[in-house]
Amino acid sequence: MPDRYLRFTQSGPGRFVTRRLGLPQPAPLHRWSAERPVLDGPLLHLTAGKTTVEPAAVLARAGLPVHTSRQAGARYAAVVVDATGAGDVAALREVYDGLHPVLRSLTDDARVVVLGSAPDPTDHHQAAAQQALEGFVRSLGKEIGRGRTAHLLRLAPASAGAAESTLRFLLSPRSAYVSGQVIGIEAAEDATVPGDWDRPLDGRTALVTGAARGIGAAVAETLARYGARLVCLDVPQAEADVRAVAERLGGQALTLDITAPDAGERIAAALPDGLDVLVHNAGITRDRRLANMAADRWDSVLDVNLASVLRTTDHLLAAGTLRRGTGRIVATASIAGIAGNTGQTNYAASKAGIIGLVRSLAPRAAEEHGVTVNAVAPGFIETKMTAAVPLFIREAGRRMNSLGQGGLPVDVAETIAWLASPASGGVNGQVVRVCGQSLLGA
Ligand SMILES: NC(=O)c1ccc[n+]([C@@H]2O[C@H](COP(=O)([O-])OP(=O)(O)OC[C@H]3O[C@@H](n4cnc5c(N)ncnc54)[C@H](O)[C@@H]3O)[C@@H](O)[C@H]2O)c1
(Lines give C-alpha, C1' and ligand atoms only; values in the text may rest on other atoms or scores of the structure.)
Protein backbone atom coordinates (compact mmCIF):
# COMPACT_ATOMS: atom_id res chain seq x y z
CA MET A 1 0.00 0.00 0.00
CA PRO A 2 1.97 3.08 -1.20
CA ASP A 3 2.19 6.12 1.09
CA ARG A 4 0.06 8.50 -1.03
CA TYR A 5 0.15 11.23 1.61
CA LEU A 6 3.97 11.41 1.44
CA ARG A 7 3.72 11.78 -2.35
CA PHE A 8 0.96 14.42 -2.00
CA THR A 9 3.06 16.56 0.37
CA GLN A 10 5.84 16.63 -2.26
CA SER A 11 3.57 18.31 -4.85
CA GLY A 12 3.09 22.10 -4.93
CA PRO A 13 -0.62 22.04 -4.01
CA GLY A 14 0.00 19.27 -1.44
CA ARG A 15 2.71 21.28 0.28
CA PHE A 16 0.47 24.36 0.33
CA VAL A 17 -2.60 22.58 1.72
CA THR A 18 -0.77 20.52 4.37
CA ARG A 19 1.19 23.58 5.56
CA ARG A 20 -1.97 25.69 5.85
CA LEU A 21 -3.68 22.94 7.82
CA GLY A 22 -0.65 22.34 10.06
CA LEU A 23 -0.46 18.67 8.94
CA PRO A 24 2.74 16.57 9.06
CA GLN A 25 5.29 17.38 6.33
CA PRO A 26 7.29 14.18 5.88
CA ALA A 27 10.35 14.36 3.60
CA PRO A 28 11.42 11.49 1.33
CA LEU A 29 14.29 9.83 3.20
CA HIS A 30 17.78 9.62 1.75
CA ARG A 31 18.41 5.87 1.94
CA TRP A 32 21.62 4.18 0.86
CA SER A 33 22.02 3.49 -2.86
CA ALA A 34 25.07 2.82 -5.01
CA GLU A 35 24.43 6.20 -6.70
CA ARG A 36 24.10 8.14 -3.41
CA PRO A 37 26.05 6.17 -0.79
CA VAL A 38 26.98 9.04 1.56
CA LEU A 39 25.28 12.03 3.20
CA ASP A 40 25.28 15.34 1.34
CA GLY A 41 27.78 17.59 3.14
CA PRO A 42 30.57 17.95 5.68
CA LEU A 43 30.72 16.75 9.29
CA LEU A 44 31.25 19.23 12.13
CA HIS A 45 33.16 17.72 15.07
CA LEU A 46 32.71 19.64 18.34
CA THR A 47 33.87 18.87 21.87
CA ALA A 48 32.10 19.83 25.11
CA GLY A 49 34.57 19.48 27.98
CA LYS A 50 37.38 16.94 27.95
CA THR A 51 37.10 13.92 25.68
CA THR A 52 37.55 10.44 27.11
CA VAL A 53 37.53 8.71 23.73
CA GLU A 54 39.46 10.79 21.15
CA PRO A 55 37.16 10.03 18.18
CA ALA A 56 38.91 12.27 15.59
CA ALA A 57 40.68 9.44 13.74
CA VAL A 58 37.49 7.40 13.47
CA LEU A 59 35.43 10.40 12.30
CA ALA A 60 38.02 11.15 9.65
CA ARG A 61 37.28 7.72 8.13
CA ALA A 62 33.48 8.11 8.12
CA GLY A 63 33.44 9.33 4.51
CA LEU A 64 32.57 13.02 5.05
CA PRO A 65 34.91 16.02 5.08
CA VAL A 66 35.47 16.97 8.73
CA HIS A 67 35.42 20.54 10.11
CA THR A 68 36.43 21.18 13.71
CA SER A 69 34.91 24.65 13.86
CA ARG A 70 31.86 26.08 12.17
CA GLN A 71 32.59 27.57 8.75
CA ALA A 72 30.51 30.40 7.39
CA GLY A 73 28.08 29.27 4.72
CA ALA A 74 28.63 25.54 5.31
CA ARG A 75 25.55 23.30 5.42
CA TYR A 76 26.33 20.35 7.69
CA ALA A 77 25.27 16.78 6.96
CA ALA A 78 26.45 15.70 10.40
CA VAL A 79 27.34 17.25 13.73
CA VAL A 80 29.15 15.09 16.28
CA VAL A 81 29.40 16.59 19.76
CA ASP A 82 31.85 14.80 22.01
CA ALA A 83 30.42 15.17 25.53
CA THR A 84 32.05 12.02 26.91
CA GLY A 85 33.78 14.07 29.62
CA ALA A 86 30.68 16.10 30.57
CA GLY A 87 30.50 15.76 34.34
CA ASP A 88 28.38 18.72 35.42
CA VAL A 89 25.71 21.17 34.38
CA ALA A 90 28.28 23.67 33.08
CA ALA A 91 29.44 21.10 30.52
CA LEU A 92 25.86 20.76 29.28
CA ARG A 93 25.95 24.46 28.46
CA GLU A 94 28.87 23.72 26.15
CA VAL A 95 26.68 21.21 24.30
CA TYR A 96 24.07 23.95 23.89
CA ASP A 97 26.71 26.47 22.80
CA GLY A 98 28.04 24.07 20.19
CA LEU A 99 24.75 22.96 18.67
CA HIS A 100 22.51 26.01 18.98
CA PRO A 101 24.17 28.03 16.18
CA VAL A 102 24.40 25.16 13.64
CA LEU A 103 20.86 23.83 13.75
CA ARG A 104 19.73 26.22 11.02
CA SER A 105 22.56 25.07 8.76
CA LEU A 106 21.78 21.37 8.66
CA THR A 107 21.14 19.54 5.38
CA ASP A 108 17.82 17.74 4.85
CA ASP A 109 19.40 14.36 5.64
CA ALA A 110 21.58 15.54 8.56
CA ARG A 111 22.60 13.48 11.58
CA VAL A 112 23.32 14.83 15.06
CA VAL A 113 25.30 12.37 17.18
CA VAL A 114 26.15 13.24 20.77
CA LEU A 115 28.91 11.12 22.29
CA GLY A 116 28.40 10.54 26.00
CA SER A 117 29.54 8.20 28.75
CA ALA A 118 27.63 5.76 30.94
CA PRO A 119 26.13 7.56 33.96
CA ASP A 120 28.45 6.85 36.91
CA PRO A 121 26.65 5.28 39.90
CA THR A 122 29.33 6.70 42.23
CA ASP A 123 29.15 10.33 40.98
CA HIS A 124 25.66 11.86 40.93
CA HIS A 125 26.83 15.09 39.25
CA GLN A 126 28.32 13.18 36.33
CA ALA A 127 25.29 10.85 36.23
CA ALA A 128 22.94 13.85 36.13
CA ALA A 129 24.85 15.46 33.27
CA GLN A 130 25.12 12.25 31.27
CA GLN A 131 21.46 11.32 31.78
CA ALA A 132 20.52 14.88 30.78
CA LEU A 133 22.01 14.16 27.34
CA GLU A 134 19.37 11.48 26.80
CA GLY A 135 16.44 13.89 27.25
CA PHE A 136 18.30 16.43 25.15
CA VAL A 137 18.90 14.13 22.20
CA ARG A 138 15.40 12.65 22.22
CA SER A 139 13.91 16.16 22.16
CA LEU A 140 16.28 17.32 19.45
CA GLY A 141 15.32 14.32 17.28
CA LYS A 142 11.70 15.42 17.52
CA GLU A 143 12.59 19.04 16.69
CA ILE A 144 14.83 18.49 13.67
CA GLY A 145 12.75 15.52 12.37
CA ARG A 146 11.67 15.15 8.74
CA GLY A 147 14.76 13.56 7.14
CA ARG A 148 17.13 14.34 10.03
CA THR A 149 17.95 12.21 13.06
CA ALA A 150 19.65 12.52 16.46
CA HIS A 151 21.32 9.91 18.69
CA LEU A 152 23.29 9.50 21.89
CA LEU A 153 26.19 7.04 21.87
CA ARG A 154 27.37 6.08 25.34
CA LEU A 155 31.02 5.17 24.93
CA ALA A 156 33.14 3.25 27.40
CA PRO A 157 36.56 4.91 27.93
CA ALA A 158 38.91 4.44 24.97
CA SER A 159 36.22 2.76 22.88
CA ALA A 160 36.40 5.04 19.82
CA GLY A 161 37.78 2.15 17.73
CA ALA A 162 34.96 -0.15 18.82
CA ALA A 163 32.47 2.60 17.91
CA GLU A 164 33.65 2.87 14.30
CA SER A 165 31.04 0.52 12.81
CA THR A 166 28.30 2.34 14.74
CA LEU A 167 29.48 5.81 13.74
CA ARG A 168 29.75 4.74 10.12
CA PHE A 169 26.18 3.41 10.29
CA LEU A 170 24.67 6.44 12.02
CA LEU A 171 26.57 8.92 9.85
CA SER A 172 25.35 7.33 6.62
CA PRO A 173 22.08 7.01 4.66
CA ARG A 174 21.87 3.40 5.90
CA SER A 175 20.34 4.61 9.19
CA ALA A 176 17.68 6.79 7.52
CA TYR A 177 14.74 5.50 9.60
CA VAL A 178 16.56 5.21 12.96
CA SER A 179 16.28 8.20 15.29
CA GLY A 180 16.26 9.12 18.96
CA GLN A 181 18.34 6.10 20.02
CA VAL A 182 20.67 5.72 23.00
CA ILE A 183 23.30 3.10 22.19
CA GLY A 184 26.01 1.82 24.51
CA ILE A 185 29.42 0.82 23.15
CA GLU A 186 31.95 -1.26 25.05
CA ALA A 187 35.66 -1.34 24.30
CA ALA A 188 35.75 -4.62 22.37
CA GLU A 189 38.98 -6.60 22.58
CA ASP A 190 38.38 -8.28 19.26
CA ALA A 191 36.85 -5.38 17.30
CA THR A 192 37.65 -6.65 13.82
CA VAL A 193 38.30 -4.04 11.16
CA PRO A 194 36.88 -5.29 7.86
CA GLY A 195 39.17 -5.19 4.83
CA ASP A 196 36.33 -3.56 2.89
CA TRP A 197 33.74 -1.55 4.86
CA ASP A 198 31.26 -2.02 2.00
CA ARG A 199 31.50 -5.80 2.39
CA PRO A 200 32.11 -6.42 6.11
CA LEU A 201 30.45 -9.84 5.92
CA ASP A 202 32.71 -11.25 3.20
CA GLY A 203 33.42 -14.89 4.00
CA ARG A 204 30.78 -15.00 6.79
CA THR A 205 27.72 -17.23 6.96
CA ALA A 206 24.35 -15.84 8.04
CA LEU A 207 21.07 -17.59 8.78
CA VAL A 208 17.81 -15.62 8.64
CA THR A 209 14.56 -17.12 9.92
CA GLY A 210 11.34 -16.11 8.17
CA ALA A 211 13.32 -15.19 5.05
CA ALA A 212 10.63 -16.02 2.46
CA ARG A 213 9.16 -12.53 2.39
CA GLY A 214 8.79 -9.15 4.11
CA ILE A 215 11.50 -7.96 6.46
CA GLY A 216 13.28 -11.36 6.49
CA ALA A 217 13.75 -11.37 2.69
CA ALA A 218 15.15 -7.81 2.89
CA VAL A 219 17.53 -8.85 5.68
CA ALA A 220 18.80 -11.79 3.61
CA GLU A 221 19.26 -9.53 0.59
CA THR A 222 21.11 -6.86 2.57
CA LEU A 223 23.41 -9.31 4.36
CA ALA A 224 24.22 -10.85 0.95
CA ARG A 225 24.99 -7.36 -0.41
CA TYR A 226 27.49 -7.02 2.46
CA GLY A 227 29.16 -10.24 1.40
CA ALA A 228 27.53 -12.96 3.55
CA ARG A 229 26.70 -16.46 2.37
CA LEU A 230 23.01 -16.90 3.20
CA VAL A 231 20.96 -19.71 4.67
CA CYS A 232 17.31 -18.69 4.29
CA LEU A 233 14.93 -20.49 6.64
CA ASP A 234 11.14 -20.56 6.47
CA VAL A 235 8.23 -22.96 6.98
CA PRO A 236 7.66 -25.80 4.46
CA GLN A 237 4.47 -24.03 3.25
CA ALA A 238 6.66 -21.12 2.06
CA GLU A 239 9.16 -23.41 0.30
CA ALA A 240 8.75 -21.93 -3.21
CA ASP A 241 9.22 -18.36 -1.94
CA VAL A 242 12.17 -19.10 0.33
CA ARG A 243 13.90 -21.08 -2.44
CA ALA A 244 13.41 -18.15 -4.82
CA VAL A 245 15.03 -15.75 -2.31
CA ALA A 246 17.93 -18.13 -1.62
CA GLU A 247 18.54 -18.78 -5.33
CA ARG A 248 18.53 -15.07 -6.12
CA LEU A 249 21.22 -14.53 -3.49
CA GLY A 250 23.27 -17.60 -4.35
CA GLY A 251 22.46 -19.01 -0.91
CA GLN A 252 20.78 -22.08 0.50
CA ALA A 253 17.15 -22.61 1.55
CA LEU A 254 16.26 -24.48 4.73
CA THR A 255 12.60 -25.35 5.17
CA LEU A 256 11.61 -26.08 8.71
CA ASP A 257 9.18 -24.84 11.29
CA ILE A 258 11.19 -22.97 13.88
CA THR A 259 8.86 -24.26 16.61
CA ALA A 260 9.81 -27.90 15.92
CA PRO A 261 11.45 -29.32 19.05
CA ASP A 262 14.50 -30.38 17.01
CA ALA A 263 14.83 -27.08 15.07
CA GLY A 264 18.13 -26.26 16.78
CA GLU A 265 19.61 -29.67 15.94
CA ARG A 266 18.50 -29.39 12.31
CA ILE A 267 19.98 -25.91 11.94
CA ALA A 268 23.27 -27.04 13.49
CA ALA A 269 23.32 -30.09 11.16
CA ALA A 270 22.81 -27.80 8.13
CA LEU A 271 25.81 -25.70 9.20
CA PRO A 272 28.67 -28.16 9.80
CA ASP A 273 31.22 -25.37 9.22
CA GLY A 274 29.62 -23.04 11.76
CA LEU A 275 27.63 -19.83 11.65
CA ASP A 276 28.59 -16.18 12.13
CA VAL A 277 25.23 -14.41 12.11
CA LEU A 278 21.92 -15.71 13.42
CA VAL A 279 18.94 -13.45 12.72
CA HIS A 280 15.75 -14.39 14.57
CA ASN A 281 13.22 -12.67 12.33
CA ALA A 282 10.32 -15.14 11.95
CA GLY A 283 7.31 -13.84 13.80
CA ILE A 284 3.52 -13.97 13.75
CA THR A 285 0.59 -11.98 15.12
CA ARG A 286 -2.73 -13.44 16.29
CA ASP A 287 -4.48 -10.33 17.57
CA ARG A 288 -7.48 -10.35 19.95
CA ARG A 289 -8.20 -8.55 23.17
CA LEU A 290 -7.19 -10.81 26.04
CA ALA A 291 -10.82 -11.35 27.08
CA ASN A 292 -11.55 -12.79 23.61
CA MET A 293 -8.27 -14.59 23.04
CA ALA A 294 -8.42 -18.37 22.70
CA ALA A 295 -5.49 -20.22 24.25
CA ASP A 296 -4.20 -21.39 20.86
CA ARG A 297 -3.64 -17.75 19.82
CA TRP A 298 -1.62 -17.15 22.95
CA ASP A 299 0.37 -20.37 22.54
CA SER A 300 1.25 -19.99 18.86
CA VAL A 301 2.51 -16.40 19.21
CA LEU A 302 4.55 -17.13 22.34
CA ASP A 303 5.95 -20.26 20.72
CA VAL A 304 7.02 -18.75 17.36
CA ASN A 305 8.13 -15.34 18.63
CA LEU A 306 9.78 -16.24 21.93
CA ALA A 307 10.04 -19.89 23.02
CA SER A 308 11.58 -21.03 19.70
CA VAL A 309 14.07 -18.13 19.84
CA LEU A 310 15.11 -19.20 23.36
CA ARG A 311 15.35 -22.90 22.37
CA THR A 312 17.34 -22.45 19.15
CA THR A 313 19.65 -19.84 20.69
CA ASP A 314 20.42 -22.15 23.63
CA HIS A 315 21.04 -25.09 21.32
CA LEU A 316 23.29 -23.26 18.85
CA LEU A 317 25.36 -21.67 21.64
CA ALA A 318 25.76 -24.98 23.47
CA ALA A 319 26.63 -26.80 20.23
CA GLY A 320 29.33 -24.21 19.46
CA THR A 321 27.74 -23.53 16.06
CA LEU A 322 28.17 -19.76 16.45
CA ARG A 323 31.77 -18.73 15.81
CA ARG A 324 33.72 -17.21 18.69
CA GLY A 325 34.70 -13.60 17.99
CA THR A 326 32.49 -13.04 14.95
CA GLY A 327 29.32 -14.74 16.27
CA ARG A 328 26.36 -12.34 16.24
CA ILE A 329 22.78 -13.00 17.31
CA VAL A 330 20.21 -10.38 16.32
CA ALA A 331 16.62 -10.91 17.44
CA THR A 332 13.53 -9.02 16.34
CA ALA A 333 11.48 -7.30 19.01
CA SER A 334 8.90 -4.59 18.26
CA ILE A 335 7.84 -1.24 19.65
CA ALA A 336 4.70 -3.14 20.71
CA GLY A 337 6.98 -4.92 23.19
CA ILE A 338 7.98 -1.53 24.61
CA ALA A 339 4.74 0.48 24.43
CA GLY A 340 2.11 -2.28 24.51
CA ASN A 341 -0.80 -2.38 22.08
CA THR A 342 -4.52 -3.09 22.32
CA GLY A 343 -5.28 -6.57 21.02
CA GLN A 344 -1.65 -7.64 21.26
CA THR A 345 -1.09 -8.91 24.81
CA ASN A 346 0.34 -12.12 23.32
CA TYR A 347 2.51 -10.39 20.71
CA ALA A 348 3.73 -7.62 23.05
CA ALA A 349 4.55 -10.20 25.74
CA SER A 350 6.57 -12.21 23.22
CA LYS A 351 8.46 -9.14 21.96
CA ALA A 352 9.12 -7.77 25.46
CA GLY A 353 10.39 -11.26 26.26
CA ILE A 354 12.92 -10.89 23.43
CA ILE A 355 14.22 -7.71 25.08
CA GLY A 356 14.58 -9.56 28.41
CA LEU A 357 16.42 -12.40 26.68
CA VAL A 358 18.84 -10.02 24.95
CA ARG A 359 19.70 -7.99 28.04
CA SER A 360 20.26 -11.05 30.22
CA LEU A 361 22.13 -13.25 27.76
CA ALA A 362 24.37 -10.61 26.14
CA PRO A 363 27.08 -10.35 28.84
CA ARG A 364 27.26 -14.13 29.36
CA ALA A 365 27.24 -14.95 25.65
CA ALA A 366 30.13 -12.52 25.13
CA GLU A 367 32.08 -13.93 28.08
CA GLU A 368 31.46 -17.62 27.50
CA HIS A 369 31.05 -17.83 23.72
CA GLY A 370 32.52 -14.65 22.21
CA VAL A 371 29.12 -13.90 20.67
CA THR A 372 27.12 -10.64 20.85
CA VAL A 373 23.34 -10.59 21.33
CA ASN A 374 21.27 -7.56 20.30
CA ALA A 375 17.75 -6.78 19.14
CA VAL A 376 16.05 -4.47 16.70
CA ALA A 377 12.61 -3.14 17.61
CA PRO A 378 10.84 -2.11 14.40
CA GLY A 379 8.01 0.41 14.47
CA PHE A 380 5.63 0.83 11.54
CA ILE A 381 7.27 -0.91 8.58
CA GLU A 382 5.58 -1.00 5.15
CA THR A 383 4.94 -4.74 4.63
CA LYS A 384 2.02 -7.00 3.72
CA MET A 385 1.35 -7.25 7.46
CA THR A 386 0.89 -3.48 7.89
CA ALA A 387 -0.93 -3.07 4.53
CA ALA A 388 -3.71 -5.18 6.08
CA VAL A 389 -4.10 -2.76 9.00
CA PRO A 390 -7.31 -0.64 8.79
CA LEU A 391 -6.74 2.75 7.09
CA PHE A 392 -7.10 5.02 10.13
CA ILE A 393 -4.74 2.97 12.32
CA ARG A 394 -2.32 2.62 9.40
CA GLU A 395 -2.21 6.40 8.90
CA ALA A 396 -1.66 6.94 12.64
CA GLY A 397 1.18 4.38 12.60
CA ARG A 398 2.81 6.10 9.65
CA ARG A 399 2.59 9.67 10.95
CA MET A 400 3.14 9.33 14.71
CA ASN A 401 6.92 9.50 14.57
CA SER A 402 9.55 12.20 14.07
CA LEU A 403 9.98 11.36 10.37
CA GLY A 404 6.23 11.34 9.66
CA GLN A 405 6.25 8.14 7.60
CA GLY A 406 6.55 4.37 7.80
CA GLY A 407 9.88 2.58 7.42
CA LEU A 408 10.79 0.08 4.72
CA PRO A 409 12.01 -3.49 5.30
CA VAL A 410 15.47 -2.37 4.14
CA ASP A 411 15.65 0.05 7.11
CA VAL A 412 15.39 -2.87 9.53
CA ALA A 413 17.78 -4.88 7.37
CA GLU A 414 20.48 -2.18 7.37
CA THR A 415 20.26 -1.95 11.16
CA ILE A 416 20.60 -5.71 11.50
CA ALA A 417 23.57 -5.67 9.10
CA TRP A 418 25.34 -3.10 11.29
CA LEU A 419 24.76 -5.23 14.42
CA ALA A 420 25.85 -8.35 12.49
CA SER A 421 29.16 -6.86 11.38
CA PRO A 422 32.37 -8.41 12.73
CA ALA A 423 33.36 -4.80 13.53
CA SER A 424 30.39 -4.43 15.93
CA GLY A 425 31.85 -6.53 18.76
CA GLY A 426 31.53 -3.54 21.13
CA VAL A 427 27.76 -3.37 20.62
CA ASN A 428 26.18 -5.92 22.94
CA GLY A 429 22.87 -6.20 24.81
CA GLN A 430 21.39 -3.25 22.92
CA VAL A 431 17.81 -2.86 21.73
CA VAL A 432 17.76 -0.49 18.78
CA ARG A 433 14.42 0.86 17.62
CA VAL A 434 13.88 1.22 13.88
CA CYS A 435 10.79 3.36 14.12
CA GLY A 436 11.59 6.91 12.96
CA GLN A 437 11.43 7.82 16.67
CA SER A 438 7.84 6.65 17.12
CA LEU A 439 5.87 8.43 19.80
CA LEU A 440 4.71 5.03 21.05
CA GLY A 441 6.78 3.92 24.01
CA ALA A 442 9.05 6.93 23.55
N1 LIG B 1 6.02 -5.29 9.72
C2 LIG B 1 6.14 -4.53 10.81
O3 LIG B 1 5.70 -3.37 10.82
C4 LIG B 1 6.83 -5.08 12.03
C5 LIG B 1 6.91 -4.25 13.16
C6 LIG B 1 7.55 -4.72 14.30
C7 LIG B 1 8.11 -5.99 14.31
N8 LIG B 1 8.00 -6.78 13.22
C9 LIG B 1 8.60 -8.12 13.31
O10 LIG B 1 9.48 -8.33 12.22
C11 LIG B 1 9.52 -9.70 11.87
C12 LIG B 1 9.17 -9.88 10.39
O13 LIG B 1 7.92 -9.27 10.14
P14 LIG B 1 7.23 -9.20 8.68
O15 LIG B 1 6.33 -8.02 8.69
O16 LIG B 1 8.26 -9.32 7.62
O17 LIG B 1 6.31 -10.52 8.74
P18 LIG B 1 5.81 -11.49 7.57
O19 LIG B 1 4.58 -12.14 8.09
O20 LIG B 1 5.74 -10.79 6.25
O21 LIG B 1 7.00 -12.57 7.47
C22 LIG B 1 7.28 -13.46 8.51
C23 LIG B 1 7.94 -14.70 7.94
O24 LIG B 1 8.18 -15.60 9.04
C25 LIG B 1 7.82 -16.90 8.62
N26 LIG B 1 7.44 -17.73 9.77
C27 LIG B 1 6.33 -17.61 10.54
N28 LIG B 1 6.29 -18.62 11.44
C29 LIG B 1 7.39 -19.37 11.23
C30 LIG B 1 7.90 -20.55 11.83
N31 LIG B 1 7.22 -21.17 12.82
N32 LIG B 1 9.06 -21.07 11.39
C33 LIG B 1 9.72 -20.48 10.36
N34 LIG B 1 9.29 -19.35 9.76
C35 LIG B 1 8.13 -18.81 10.18
C36 LIG B 1 6.63 -16.68 7.69
O37 LIG B 1 6.40 -17.81 6.85
C38 LIG B 1 7.05 -15.44 6.93
O39 LIG B 1 7.80 -15.74 5.77
C40 LIG B 1 8.52 -10.39 12.80
O41 LIG B 1 9.22 -10.91 13.92
C42 LIG B 1 7.62 -9.26 13.22
O43 LIG B 1 7.00 -9.53 14.47
C44 LIG B 1 7.37 -6.36 12.08
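The values are calculated or read from the model by the stated rules, or taken from the named source; none is laboratory data. Predicted, not measured: the structure shown is a model, and the values here were computed from it. In this analysis, Cβ positions are derived from the backbone assuming ideal geometry, glycine residues included, and neighbour counts consider all displayed protein chains. Just the protein is used for accessible areas: all its heavy atoms, side chains included, with ligands, DNA and RNA removed. Shrake-Rupley method; radii C 1.70, N 1.55, O 1.52, S 1.80 Å.
Listing for the model above:
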{"item": "Taking the range 181-311 and dividing mean pair separation by its residue count, relative contact order in percent (alpha carbons under 8 Å, at least six apart)", "result": "23"}
{"item": "Amide H partners (placed H, <5 Å) of Ala187, local residues excluded", "result": "Ala156"}
{"item": "Rounded if a/c under 1.5, otherwise prolate or oblate - the range 110-162, Cα gyration tensor axes", "result": "oblate"}
{"item": "Test item: Cα-centred dipole of the range 72-228, Lys/Arg +1 and Asp/Glu -1 on Cβ, debye", "result": "760"}
{"item": "Relative contact order [Cα under 8 Å, 6+ residues apart], the chain, whole percent", "result": "15"}
{"item": "By average C-beta atoms within 10 angstrom, highest first, the peptides 315-321, 404-410, 163-169, 91-97", "result": "163-169, 404-410, 315-321, 91-97"}
{"item": "Relative packing of 416-429, 350-363, 2-15, which averages over residues the other C-beta atoms within 10 Å, highest first", "result": "416-429, 350-363, 2-15"}
{"item": "Highest to lowest packing among 228-236, 60-68, scored as the average C-beta count within 10 Å", "result": "228-236, 60-68"}
{"item": "3J(HN,Hα) from dihedral phi, the range 42-50, Karplus parametrisation 6.51/-1.76/1.60, rounded to Hz, x for glycine, proline", "result": "x, 10, 9, 9, 10, 10, 10, x, 8"}
{"item": "Accessible area of Glu247 in the full protein assembly, 1.4 Å probe (Å², nearest 10)", "result": "140"}
{"item": "Relative contact order of the range 1-68, defined on C-alpha pairs under 8 angstrom at six or more residues apart (%)", "result": "26"}
{"item": "Ranking by accessible area, most exposed first, for Ile393, Ile329 with a 1.4 Å probe", "result": "Ile393, Ile329"}
{"item": "Size of the range 301-442 as Cα extents on the principal axes (Å, biggest first)", "result": "48, 30, 25"}
{"item": "Gaussian network model of the chain, springs between alpha carbon atoms under 10 Å - residue of Arg174, Arg243, Arg394 with greatest fluctuation", "result": "Arg394"}
{"item": "Shape call, the range 140-196: gyration tensor on alpha carbons, a/c limit 1.5", "result": "oblate"}
{"item": "Solvent-accessible surface (1.4 angstrom probe) belonging to Arg146, in square angstrom, nearest 10", "result": "110"}
{"item": "Principal axis box of the chain, alpha-carbon based, largest edge first, Å", "result": "61, 53, 44"}
{"item": "Taking all pairs of distinct alpha-carbon atoms in the range 31-185, Kirkwood radius in angstrom", "result": "15.3"}
{"item": "The range 205-434: radius of gyration and largest Cα-Cα distance (Dmax), Å", "result": "16.7, 49"}
